[in-house]
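> Here it is, the structure in full.
The values are calculated or read from the model by the stated rules, or taken from the named source; none is laboratory data. These figures come from a predicted structure and were not determined experimentally. Note that each Cβ is placed from the backbone with ideal geometry, even for glycine, and that neighbours are counted across all protein chains shown. Accessible surface areas use protein heavy atoms only, side chains included; no ligands, DNA or RNA. Shrake-Rupley method; radii C 1.70, N 1.55, O 1.52, S 1.80 Å.
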Amino acid sequence: MGKQQYAISEYPDVDDVYARIKILTKQPLRPIRRDVMAQYLEYFEQKCARSRALTDEAKQYIPGGVQHNLAFNYPFPIAIERADGAYLWDVDGNRYTDFLQAGGPIVLGSNYAPVREKVMEVINSCGPVTGLFHEYELKLAKLINQYMPAVEMFRMLGSGTEAVMAAARAARTYTKKKKIIKVGGAYHGWSDQMVYGLHIPGTSRMEATGIPRGATKHTQEFFPNDLSALRRKLVTNRLRGGTAAVIVEPVGPESGTRPVPFEFNQKVRELCDEFGALLVFDEVVTGFRLGMGGAQGYFGVKPDLTIFGKCVTGGYPMAGGVGGRRDVIMTFAAGIGGTGERAYIGGTLSANPLSCVAGYYALKEMERTNAPVIAGRAGDRLTKGLQAIIEKYSLPFVAYNQGSICHLETSGVMLLDLKNPLKTLKEIKSRKHMLEEMGAAYLSQGLITLAGSRMYTSMADTDEVIDEALEKFEVVLSGVEGV
Ligand SMILES: Cc1ncc(COP(=O)(O)O)c(C=O)c1O
């Protein structure tokens, strides 16, 4: 048997996951017992004084005291000073096992020395930016093409958000059509047209504060996995300007929080072909985390355009890019004096030498070390351990993973939907708060998660790291009401 290429060793039983989630969201909440939660909050008071002082002061200058949407702010944010491998240390000297991994870009482990050294060489020789061409731009684009042959050409940008904006523009330029269809609940960054149907399917403009109606006029969402709904939209759009693109997170919205059946992406591909729409894979999370061929390699589906972010610079700044079919990407041709009709994109710091060298060596190292597969094994071990804890204490919680993307649903807030709007509106606040409490509880035990419900694993997560983390998860999960 050849070497395992992808992080997913076994595709999750999607029907079983949804059946369990249905049971979870029907049940009353099972938060942490009040007496236990009080002890966890005490940790912050006793052990995190400097974090508190710094972030309290930051609140005078920075809204809410934190800049990152994934940073905890309950009971208050933690300030991090050091990162190495599987661990983070805060400014009070407390150590945490890091399952946030900065939101996904780090598969090699934090602050991985071989990449850092290459970045330092380039900084020393030409600084972080010149605005002119650097050889590492070519090296990175060629490497991506080698791993993902569907990415015939690549244009680097500043973030995943920018790359999605660019993809929409290229798709409209190329197809001369208007509508962009996304899956309800999926995240494609925060551009005006994409803050639509965020987090909870069916919510359309619920989070579109500050965004004029016109900006989302041509954005549409369909309910996760509902291919008939997608077809209906494609049909009706034919008379309303046509569909320029269908954009999906290939493992399912919010990094697989609602996992897709294995054949979903292929069926979307077929629908796009039938209706002349481009298929855009948002591989900001899956790109290289699932394996060097990304989700497109794993599922064996060729998108027209691919969105990159996060891993494309191995956790270094300016992580974004869009790549794909030569004829579509050529609409971006840059440089002074470009000819013909072109879709205008840019960015002073985009494709700077620092980002390109970091991406190039991070990807090379990921391939050399087989990091995506090793991280995936860590994800399997973590998930199996969590499932055993859930069973041991007869909890209604749901744990599953797609390789190194691990989900632990305890409050189910992300799994509510507007098919049942009254229930959702009634429960959203308490379910959100429970998630905040779970995140704070894990943190007090030395575990950093993504919003209390997701964990990204990396190559640095050895069996010992995972087993130690599981002991801590057990402390928290055995302290919920009714155990
Ligand atoms: C699937 C997906 N698309 C797009 C983005 C936006 O990327 P960025 O934060 O680099 O703008 C994210 C960010 O988390 C993401 O997860």
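> With a point put 7 Å past each Cα toward its Cβ, work out how far residue 173 is from residue 420 in nm, to one decimal.
4.6
> Search the structure for amide H atoms under 5 Å from the amide H of residue 282, placed 1.01 Å from N in the peptide plane, and list their residues when 5 or more places away or on another chain.
Sorted by chain and number, the residues that satisfy this are 248, 249, 307.
> Starting from region 213-283, pick out the GluC sites (Glu not before Pro) whose DSSP state is loop and whose Cβ has at most 16 other Cβ atoms within 10 Å.
Those that pass, being in a loop and sparsely packed, are 263.
> Report the gain in length on full extension from residue 34 to residue 270: 0.36 nm times residue separation, minus Cα-Cα distance, nm rounded to one decimal. Present the calculation step by step, with values, prior to reporting the outcome.
Values: separation 236, 0.36 × 236 = 84.96 nm, distance 5.14 nm.
Value of the extension gain: 79.8 nm.
> Could you work out how far apart the two model spin labels at residue 478 and residue 4 are, taking each label as a point 7 Å from the Cα in the direction of the beta carbon, and quote it in nm?
With each label placed 7 Å out from Cα toward Cβ, I get 2.9 nm.
> Another one. For region 457-472, just list the computed ³J(HN,Hα) in residue order, Karplus coefficients 6.51, -1.76 and 1.60, θ = phi - 60°, integers in Hz, with x standing in for Gly and Pro.
Calculated HN-Hα couplings, in order: 9, 9, 4, 6, 7, 6, 4, 5, 4, 5, 5, 5, 5, 5, 4, 6 Hz.
> I'd like to compare 192-198, 237-243: which one has the highest average count of other Cβ atoms within 10 Å, and what's the full order after that?
192-198, 237-243
> Additional query: Rounded to the nearest 10 Å², what accessible area does residue 433 show when all protein chains are kept and the probe is 1.4 Å?
Its heavy atoms expose roughly 70 Å² to the probe.
> Could you name the aspartates and glutamates whose alpha carbon sits less than 14 Å from that of residue 302, not counting residues in the same chain fewer than 8 places away?
152, 249, 263, 270, 273, 282, 283
> Ignoring ligands, DNA and RNA, what percent of the accessible area of region 121-186 is carbon or sulfur (1.4 Å)? It would help to have the intermediate numbers written out before the result.
Numbers: 1630 of 2990 Å².
Summing carbon and sulfur atoms, their accessible area is 55 percent of the total for region 121-186.
> How would 117, 42 rank on accessible area, largest to smallest, probe 1.4 Å?
Numbers: 117 110, 42 85 Å².
Per-residue accessible area, sorted high to low, gives 117, 42.
> Something else about it: Looking at region 398-483, which trypsin sites (Lys or Arg not before Pro) are DSSP coil and have at most 14 other C-beta atoms within 10 Å of their C-beta?
419
> Report, to the nearest whole %, how much of the accessible area of region 1-87 belongs to carbon and sulfur atoms, 1.4 Å probe, protein only.
Carbon and sulfur atoms account for 50 percent of the accessible area of region 1-87.
> Between residue 429 and residue 192, what is 0.36 nm times their sequence separation minus the Cα-Cα distance? Round to one decimal in nm. All intermediate terms of the calculation are to be shown ahead of the outcome.
On the way: separation 237, 0.36 × 237 = 85.32 nm, distance 2.51 nm.
Once the chain is fully extended between residue 429 and residue 192, it gains 82.8 nm.
> Return the lysines within reach of residue 472: Cα separation strictly under 26 angstrom, same-chain partners fewer than 8 residues apart disregarded; answer none if there are no such residues.
Qualifying lysines at Cα under 26 Å: 47, 384, 392, 432.
> Suppose the chain between residue 60 and residue 236 were pulled fully straight at 0.36 nm per residue; how much longer would it get relative to their current alpha carbon spacing?
Value of the extension gain: 58.4 nm.
> Can you give the charge dipole size of the chain about its Cα centre, rounded to the nearest 20 debye, using +1 on the beta carbon of Lys and Arg and -1 on the beta carbon of Asp and Glu?
1940
> From the residues 306, 393, 405, which one has its Cα farthest along the dipole of the chain in the positive direction, the dipole being from +1 and -1 charges on Cβ of Lys/Arg and Asp/Glu about the Cα centre?
Of 306, 393, 405, it is 306.
> Whole-Hz Karplus ³J(HN,Hα) for region 200-216, in order, using 6.51 cos²θ - 1.76 cosθ + 1.60 and θ = phi - 60°, x for Gly and Pro?
10, x, x, 8, 5, 8, 3, 9, 7, 4, x, 10, x, 3, x, 5, 10
> Among 85, 196, 110, whose Cα projects farthest towards the positive end of the dipole of the chain, with charges put on the beta-carbon of Lys, Arg (+1) and Asp, Glu (-1)?
Ranked along the dipole, the leading option is 196.
> If 89, 190 are ordered by their accessible area, calculated over protein heavy atoms with a 1.4 Å probe, which sequence runs from highest to lowest? Kindly include the intermediate steps, with their values, before the conclusion.
Details: 89 50, 190 180 Å².
Correct descending sequence by accessible area is 190, 89.
> In what sequence, largest accessible area first, do 247, 106 appear using a 1.4 Å probe?
106, 247
> Straight distance only, please: which lysines reach the Cα of residue 118 with their own Cα at less than 16 Å, same-chain residues fewer than 8 apart left out?
139, 364
> A further question on this structure: At a 1.4 Å probe radius, carbon and sulfur cover how many percent of the accessible area of region 367-452? Working shown, then result.
Details: 1730 of 3130 Å².
So the carbon and sulfur contribution to the accessible surface is 55 percent.
> What whole-number value in Å² describes the accessible area per residue of region 402-479 for a 1.4 Å probe?
Averaged over the residues of region 402-479, the accessible area is 33 Å².
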